[in-house]
Structures are given as structure tokens and as C-alpha cells.
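Readers should treat all values here as calculations from the given coordinates under stated rules, not as data from a laboratory. What you see is a predicted model; the values in this text were computed from it and never measured.
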């Protein structure tokens with residue numbers, strides 16, 4: 001992923017988003033609807049109601065960037081939370097873009113053996 005090498009916060013906008021919105025409409029939604037700064041350089045992630053289209057909005061030094069992904073046969077595992085917006089890290093965003101849940105089971109603890117064979 002293009003963002004995997006950097007530490008970044010991503011904000012998932014959890015309700016369905018009208019995908020006809022572009023940079024202006026989505027940045028206004030971020031600023032007015034969630035009181036967040038769209039110029040912060042953080043990623044703001046939107047998904048449509050059918051969960052097959054995803055847009056990522058971010059500001060990069062001198063202008064907005066809008067990243068778009070459409071799935072043909074499967075859907076994004078969009079979280080169902082009680083809040084309107086959810087903050088995740090780059091690892092969870094990578095999982096989401098790969099079609100996985102953002103909450104993956106943790107690795108089991110390392111087993112310690114009392115004797116060697």
C-alpha cells in the first residue's frame with residue numbers, strides 16, 4: 001500500500017456516503033460534520049451504502065488527493081460501530097482495503113516449554 005511505510009491516522013466515516021461527492025463535498029463533511037481538520041494530512045475514509053466503493057481523502061502539502069477503489073464481486077468489511085467516526089491506524093486500513101475485518105484476532109502468546117526434546 002502507498003501509505004504502509006508511514007505512520008498515519010485514518011478516520012472512517014461510518015455512515016453511508018454519497019459517492020457523487022468529490023473533494024469539496026467530502027472536505028466540508030469532515031470539517032463541519034465531525035469538527036476535524038481536512039488539511040491535517042490524515043486520511044478520511046468514506047464508503048457507500050452497498051459497501052463496494054471506497055474513497056480516501058487527504059491533503060498533501062499543496063492540495064487535496066482523492067483515492068478511489070471499487071470492488072466488483074465482494075464488499076468491504078465496513079465496521080458497524082455506534083459512533084459516527086472511527087480512528088484506525090495504517091495496519092487496520094491495509095486490512096480493510098484487502099477485504100478483511102479491521103479487528104483481527106491477536107496472535108496467541110508464545111508457548112514456553114519446560115524441557116527440550
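Let a ≥ b ≥ c be the square roots of the eigenvalues of the Cα gyration tensor of the range 4-52; is it rounded (a/c under 1.5), or, if not, prolate (a/b larger than b/c) or oblate?
Oblate, because a/c is 1.5 or more while a/b does not exceed b/c.
On a C-alpha basis, how far is the centre of the range 54-117 from the centre of the range 8-32 in Å? Whole number, if you could?
First find each Cα centre; the distance between them is then 17 Å.
Find the relative contact order for the range 10-97 and round it to a whole percent, using C-alpha pairs within less than 8 Å whose residues are 6+ positions apart.
So the answer I get is 34 percent.
Multiply the residue gap between residue 83 and residue 114 by 0.36 nm, knock off their C-alpha separation, and tell me the result in nm, one decimal place.
Separation in residues times 0.36 nm, less the Cα-Cα distance, equals 6.5 nm.
What number in nm² do you get for the range 10-97 if you take the convex hull of its Cα atoms and divide its surface by four?
Averaged projected area of the range 10-97's Cα convex hull equals 5.5 nm².
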